[in-house]
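Bear in mind these aren't lab numbers, they're just calculated from the coordinates by the rules spelled out. Note that this is a predicted model, so its numbers are computed, not measured.
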C-alpha cells in the first residue's frame, strides 16, 4: 500500500444503535476495550497510513472525523485507494492475513462476514464519483453501496462487536492480547512504588506510577498495565488482567476479573469485569460488576449494581424500546456519559442508564431502561433539564482541565431531542407503576 495516497476510513454502520447509550456520544470505534479502542488498533495495524473516522454528523467535530462530503473531496485529490473498515471490528494478530489482503489488493473488493460488511477497498477515483448520500454508512442499509461498487467479494473471519455487552464480555481476552501486542517488550523488573507484586514479568508500569504500601498487584491470572501518572493509594488490590489508564487514581478497594479504566478516573470500592471510558468518579465504596460506564459519570457513595439474578437466570436488557435476551447470566449496567447517581442507589441487572441521567433517592431502580436526561427514580420522575445538565458538565469538565465547547453543546441538544419520546414514556409509566 502507498501511505502517501491510500486513505483508511473507519466507518459506523447502522448497528451503532445497538451500543446505546454509550454510542449516543461517541462512534463505536471509540469504545474502550482491553487497553485500546478499536480505532487505535486499526491505526496500529495500518501505520503509517492516514486513518480517519466516518460517523454521524453530530459526532464528527468532536472526534476529528470526516463527513461524507469531505471524504469525497479528499478522494478526488489522491491517486490511490480508499480502505473502508467497519468500526465494530477488533483487529488482532490473528487477522494479519486479511489485513495484508486489504493492504495489497489492486481490485475493488468487499469483505463480508455473515452478510455484514467488514471492509471494502475501492479506487479513490471511484469514491470521488459517489454521491454523499451513498457514504452515510451509519444509516440503515447504506453499506450496500460499497458492496455494489466492488468487483469481487471475499469472506473473512473477524472479531466484531454485535451487542453492547460484547466489549465487557471480551475484555479479559483483549487485555491479554493488547499486553502482548503493545507492552510485552516494555516490561522491566523495577519496583512499583511500595506495592507487593506477583507475576512481575506480566506487569507494565510507567516510570512515574506511584503505589503505596499495602497495595497488592497480582498478575498471575493475567497481565496488568499501569499507564503514566497512575496513583494507587493504600489498601488497593489489583488482579490481572487489568488496564489502568493515564492519570487514573485507585483509592482503595479491589479490581478483579478483567477491568479497564480509561484516563483521569478516580475509582474505589469493588469493581469486577468492568470498563470505564474515562474521567469518571467512583470514589466511594459500592459494587460495580460486569458493567460498561461512559465518561464524566459520577457515582454517589455506596452506588451498587446487580450483575446476577437470584435465580441464576438469563439476563435481558431493554434497549431502543426492545427487550433483548443476552444469553448470559452475568450482566451489570450500561451507563451513558455524564450520568449521575446519588448516595445509596442500587441498579437492576442489565440496567441501561441514559446520557445525562440523574438518579437519586437512595433506592433500587427496578426499571431496566432510564432515558437520557431523566431525573429521579422509579417513583419520582422529573422532566429533563438540559440547561442544568450542560452547566454540570461544564463544571465537571473544567475541574479536569477540559473545555466544554459549542460542539459539546450541540451534541447535548441533539441527544436531548432524540430521547424526548423515551422520556415522556418514562414519565407516564411513573403514574401507572413500573
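Centre-to-centre separation between the Cα atoms of segment 58-105 and those of segment 1-37: 10 Å.
For the chain, the relative contact order is 10 percent, taking Cα pairs closer than 8 Å that sit 6 or more residues apart in sequence and dividing their mean separation by the residue count. Legend: P(r) of segment 228-295 from all alpha carbon pair distances, 5 Å bins from 0, whole percents, reading 5, 20, 34, 32, 8, 1. Counting every pair of alpha carbons in segment 18-75, the share spaced more than 12 Å apart comes to 69 percent. From largest to smallest, the equivalent ellipsoid semi-axes obtained for segment 1-42 from the alpha-carbon gyration tensor read 24, 13, 7 Å. Pair-distance distribution of segment 177-305: all C-alpha pairs, bin width 5 Å, starting at 0; shares per bin in whole percent are 3, 12, 23, 28, 19, 10, 4, 1.
Can you give me the Cα centroid spacing of segment 255-303 and segment 369-399 in angstrom? If we compute the Cα centre of each part, the gap is 19 Å.
Would you please state the base-10 log of I(q)/I(0) at q = 0.12 1/Å for segment 1-126, with intensities from the Debye formula using one equal scatterer on every alpha carbon? At q = 0.12 Å⁻¹ the computed log10 ratios are -0.42. Volume per residue of the convex hull around the Cα atoms, evaluated for segment 96-230, comes out as 174 Å³. Normalised by the residues of segment 247-324, what does the relative contact order come to in percent, with Cα pairs under 8 Å and at least six apart? Value for segment 247-324: 20 percent.
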